[in-house]
Structure formats: structure tokens, C-alpha cells
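**Student:** One structure, pasted below without further comment.
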Amino acid sequence: MAEKYKVVVVGMGKRGMHHATAFQANPRFEVAGICEIDKARLDDAAAKLGVSVKGTDAAEVAKTVRPDIFCFCTLPNIRASMVRIGIESGARLIAMEKPIALTSAEGFEVRDLLGKSGIKAVVSHQHRYGEHYRKVGELVASGALGRIHTVYGTATGWMMHMLSHLVDYLRWYSGEPEAEWVMAQAAGRGKLTDIHPSPDYIAGFIHFANGVHGVIECGAGAPDVPEVDYWWRKCRIGAQGTDGFAEVLTGGGWRAVTKDGPYSGGGSMNYDLDMPPYIQEMADWLDDENKVHACNFASAYKGFEIMMAFCRSAAEGGQVALPLSTPADEIALLRRSVPDRKVMLAIPSSAKEYPA
Ligand SMILES: NC(=O)c1ccc[n+]([C@@H]2O[C@H](COP(=O)([O-])OP(=O)(O)OC[C@H]3O[C@@H](n4cnc5c(N)ncnc54)[C@H](O)[C@@H]3O)[C@@H](O)[C@H]2O)c1
């Protein structure tokens, strides 16, 4: 019988419960321990999941369980410390939530800790398992769009929530290339003090080494996706090639035009559908070195550096070359430089998140 992998999940909020539930539902995994600093939430999660090892200290729980997989779904202010606990626990794979970090300084630390340990890691950009996301990926890979020259992404949600997703899927649709440089602008200080600290609006360009050009808008000034009602899912990500184009709307299916005509289909982001394959690929990768997880850290990290380079360009001006060579605190840079003027909106429904 195939090996059953022991899992510890830390942070039993919305995403922690999604992860723990999906691990428990898969016969290849057993959630052997959970951790949460909120005692009531911890007890509630332990009862729901039927887990006996529980605690408020992640290092203690990990030491007791000695998991194969250390998964953490804490808010983005806690990253390197959790990666260190995961490595010290002896886990073979760390599963973490996006974003990888809030600054390149911490991102470098996470990258170096993982690099030195040789441990596998994955980052939860699980939208890519949606049938509509995959359809666009398949069209790109099939060559039906010709040579891809431009990729684009927009989201009304703010940077630390959404940019990591946008960049990850843009890189996927461009063939996962290295980025050579970015240039960006930012506006609005409202969300700089959020737990997902971000300028209210950031927009910019990415130039990839394979010649593909990326265009991104994220936050208050991003355009409407009128086909989608749910504000958080007003995201449009697409690829244009020499023979056609294809795009996915996070909450509204996909469409394409190729030399053979127009096509479209359904699909909407759905945690219940997207989590199981994301979780299954962890077992596949642990079973077989060659079955590398689609959300592997090395790939996600390249997207993370693009996001940090956007922040540097917005804060300091001009183009920023990649890969980044020196660490910085990009949020501090933005706090110093984003003008103290109210952000201007693109759609009225964004006013509730970016109030005057
Ligand atoms: N991939 C996605 O689609 C997606 C969607 C939503 C959120 N996220 C990301 O997931 C992460 C968590 O978001 P959420 O919405 O689940 O937040 P949440 O607030 O619902 O849950 C976070 C939990 O972590 C707990 N926590 C904080 N510090 C801890 C510690 N040291 N030890 C143990 N527990 C601790 C908190 O008490 C809380 O219960 C964020 O990074 C967010 O950006 C990803």
C-alpha cells in the first residue's frame, strides 16, 4: 500500500481549514496535528477534524508529530519563522500560503532556508486547477494561439491578496520564463496599513526573457470584469498569440478565438474543486521526484520577485532588473513614497474596499 503522509497544519482560519479538510479527505494523508493561537478556534477545528494532537505553539506540535508535511496558513506577517520550524521538524515538504513574504528581505531568507535544507516546498496558487484556468493553459500549450507575445492580468483586490496569483498565472501562460525587468506605478495609501499591506492600486509591465510582455493592474484602479458579479473574482488573465487569444475570468469561465473560430466555456474559482488536486500533487511529488508540483516554490519564487520588483519600481521609479540582487523592505519603501492622495477608482463597487 502507498505510504500515508503525516501532516501538521498551522493556522486554523479560513485557509487552514480548507487545507486540513482537503488533506483529511485524501487517503494518502493524515492530519496528525494542528496548531492555532486562538484557543476556541483550535478546539473547534480539532473536534471538526478529529485530530488529537493540538496546540498553540507550532514548534511544539511539529516536534511531537514529526510530520512528513508541514503546512502553514498563517497571515502573511509570519513566514520565515514558520519555514524554519518546518525544516527543524524534519518534514519532507513545506506547504505555505501565498504571498511568500511581505518583503524581498524575508523572501530571500525563505528562499535560502529552503535552498540550504533541500526540502521541497509548494505555494498555494491553487486557482490554476480550475477547469477554466486549465483550459486556457491547454490552449496556450497546444500552439492554437501561435507564438504567445503578450500576457495580461487584472484584479480589483489589492496587491498582497491578488498580485501573487496574477503573476503566477501570467508566468504559466507565458511558458514560465525568466523575467528580465519590470516597471510599475502605485497610488493610494489606504491599504499600506492592512494585514496584507499594499498600495491601493499598482500597475506595471513585465518583460520576459522569451520576448513575452506582461501587463498587470491590481487594486482600486483595475478595470471592471462586467461578466463577473462577485467583486473578489473580478480578475481577467489572458494570453495573446500570433494566431489568437484566450482568457480566463476567475469567476466567469473562459473564452478564446483561434484560427478555427471562437470558443468559450464555464468554470468559476471554487476551493472545493481546486484544493483536492493541489493536495494530491504533494503526494505525487513525494512519491516520485520527477512529478514536480505545479505550484513548486522555485516557480512561485520567481513570481514573488516580480511582485517585489513592481514595488521597488513604483517606489523608486524606472525599470528594475531581475533577478533581484539585494534585499529590501519594499513596504517601507512604498510607505515613504506613495503620494498622500486619495486613490481614484475604476468602478463604484470598489468604493467599499477603498473608502475616501
Ligand atoms: N490561496 C488562496 O486562494 C488564498 C485565499 C485567501 C487567503 N489566502 C492567504 O492565506 C493566508 C491565511 O489567510 P486566511 O484568510 O486563512 O486568514 P485567517 O485570519 O482566516 O487565518 C489565519 C489564522 O492563523 C492564526 N495564526 C496567526 N499566527 C499564528 C501562529 N503563530 N501560530 C498558529 N496560528 C496562528 C490566526 O489566529 C488565524 O486563525 C494569508 O497569507 C492569505 O493571503 C490565500
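Readers should treat all values here as calculations from the given coordinates under stated rules, not as data from a laboratory. The model shown is predicted, which means the values in this text are computed figures rather than measured ones. Every residue, glycine among them, receives a Cβ derived from its backbone with ideal geometry; neighbour counts consider all protein chains shown.
**Student:** Let me know the Kirkwood hydrodynamic radius for region 200-356, please, with Cα pairs as the basis and the value in Å to one decimal.
**Tutor:** Final number for the Kirkwood radius of region 200-356 is 18.7 Å.
**Student:** State, to one decimal in nm², a quarter of the convex hull surface area for the C-alpha atoms of region 153-288, i.e. the direction-averaged projected area.
**Tutor:** Over every viewing direction, the Cα hull of region 153-288 projects on average to 10.5 nm².
**Student:** Run lengths n ≥ 4 of DSSP H only: what is the helix-derived mean residue ellipticity at 222 nm for the chain, with -39500 (n - 2.57) per run over all residues, to the nearest 500?
**Tutor:** For the chain, the value works out to -11000 deg cm²/dmol.
**Student:** Let me ask another. Find, among the GluC sites (Glu not before Pro) in region 170-279, those assigned to loop by DSSP (not H, G, I, E, B) with at most 13 other beta-carbon atoms within 10 angstrom.
**Tutor:** GLU178, GLU227
**Student:** Another question about this same structure. Grab the Cα-Cα distance for GLU88 and ASP329, subtract it from 0.36 nm times how many residues apart they are, and report the gain in nm with one decimal.
**Tutor:** Gain in length upon complete extension: 84.1 nm.
**Student:** Need the C-alpha centroid separation for region 84-115 versus region 39-71, integer Å.
**Tutor:** Answer, in whole Å: 19.
**Student:** Can you order the peptides 228-238, 317-327, 150-160 by their average number of other Cβ atoms within 10 Å per residue, highest first?
**Tutor:** In decreasing order of mean packing, 228-238, 317-327, 150-160 become 150-160, 228-238, 317-327.
**Student:** Further, regarding this structure: What fraction of the DSSP beta bridges in the chain is antiparallel, stated in percent and rounded to the nearest 5?
**Tutor:** Bridges in the chain are about 60 percent antiparallel.
**Student:** Could I ask something else about it? How high is the relative contact order of the chain, in percent, with contacts defined as C-alpha pairs under 8 Å that are six or more residues apart?
**Tutor:** 18
**Student:** Could you order peptides 248-254, 188-194, 283-289 by the average number of other Cβ atoms within 10 Å of their residues, highest first?
**Tutor:** 248-254, 188-194, 283-289
**Student:** Subtract the Cα-Cα distance of TRP231 and VAL215 from 0.36 nm times their separation in residues, and report this length gain in nm to one decimal.
**Tutor:** Value of the extension gain: 3.7 nm.
**Student:** Something else now. Please give me the summed charge of the neighbours of LYS135: other residues whose Cβ is under 13 Å from its Cβ, Lys and Arg +1, Asp and Glu -1.
**Tutor:** Overall, the nearby charge balance is 0.
**Student:** Same structure again: No solvent, one uniform scatterer per C-alpha: report log10 I(q)/I(0) for the chain via the Debye equation at q = 0.07 1/Å, two decimals.
**Tutor:** Taken in order of the listed q values, log10 I(q)/I(0) reads -0.29.
**Student:** Explain nothing, just the number: dipole magnitude of region 38-98 about its Cα centre with +1 on each Lys and Arg Cβ and -1 on each Asp and Glu Cβ, in debye rounded to the nearest 20.
**Tutor:** In debye, rounded to 20, region 38-98 gives about 120.
**Student:** Projected onto the charge dipole of the chain (+1 at Lys/Arg Cβ, -1 at Asp/Glu Cβ, origin at the Cα centre), which of ALA256, ASN296, SER350 gives the Cα projection farthest towards the positive end?
**Tutor:** SER350
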